[in-house]
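What follows is one structure encoded as structure tokens, with my remarks underneath.
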């Protein structure tokens, strides 16, 4: 594993990771000075006219990774749930990405229709990945908060954090976690870098740094904001009020492409 990439995950100085869906966006962010970029599975899928989290964009994900590694930045790739439930298949994919020069992958335990992968099964996938590609920073995404719909989920989150750490994960990503107490609980539970999702209007980067968060991802936000900007500008040019066009939500994008 690149020590330089791992060292970007510093408690108190979280890595702000912008997520892209094409080469041009990655190149622009690299030129703007970001040391690392990630991909967004929603952006990659929607740009290909496919639903996110459906396991249908393996080819597009590899093709984008192959392009992005030409940039002078560290690249981490969102591979959804691994595009397979077979540990050996997911491990082979990550090994292929490692061969391209990818520094990290994001591997989630969320499944279609709001389900979570069985804990033991997903831990086995993580073990297989680390055995096949030990040099890749394996960021285990835990979708408990993402799928909670207001239900208390800290206990299950901590159970998964512990299991994934024992399976060899190099970091954990808990999108949707926001309360200080919950964040501290995860940080105190295992000595792994914690990645959280930037939440517009709710995220204070300095506060997260003070709590000890190591990485903050933008997720699909840049992609969704780009959609808003494009439609708003087109409406303005047409003489309509583009300023009234909102940033589409994740569900709005899924609906847009028929997901």
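Rule-based calculations on the coordinates, nothing more; no lab input. All of these numbers come straight from a predicted model, not from anything done at the bench. Every residue, glycine among them, receives a Cβ derived from its backbone with ideal geometry; neighbour counts consider all protein chains shown.
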Extension gain residue 100-residue 3, at 0.36 nm per residue separation less the Cα-Cα distance, in nm? 33.2 nm
Kindly rank 184-192, 139-147 from highest to lowest mean number of other beta carbons found within 10 Å of each residue. 139-147, 184-192
Rg/Rh for segment 20-104, where both radii come from Cα atoms and Rh is the Kirkwood radius: 0.96
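If I take R0 = 30 Å and measure r between the Cβ atoms of residue 236 and residue 35 in this structure, what FRET efficiency does the formula 1/(1 + (r/R0)^6) give, to the nearest 0.05? Don't skip to the end; give the middle numbers.
Values: r = 35 Å, r/R0 = 1.16.
Efficiency computed from Cβ-Cβ geometry: 0.30.
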Separation of the residue 229 and residue 88 label points, Cα + 7 Å toward Cβ, nm: 4.6
Separation of the residue 63 and residue 249 label points, Cα + 7 Å toward Cβ, nm: 3.1
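With a/c under 1.5 counting as rounded, go ahead and sort segment 96-178 into rounded, prolate or oblate using the C-alpha gyration tensor (a ≥ b ≥ c being the square roots of the eigenvalues; past the cut-off, prolate if a/b is larger than b/c, else oblate).
prolate
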Taking 0.36 nm per intervening residue step and subtracting the Cα-Cα distance, what contour gain separates residue 166 from residue 121 on full extension? 14.9 nm
Note to self: C-alpha centroids of segment 28-101 and segment 174-200 sit apart, in Å, by 23
If all Cα-Cα distances of segment 3-222 are sorted into 10 Å bins from 0 onward, what percent lands in each bin, rounded to whole numbers? 8, 37, 40, 14, 0
What nm value, rounded to one decimal, do you get for the distance between residue 203 and residue 50 when each label is placed 7 Å out toward the C-beta? 2.6
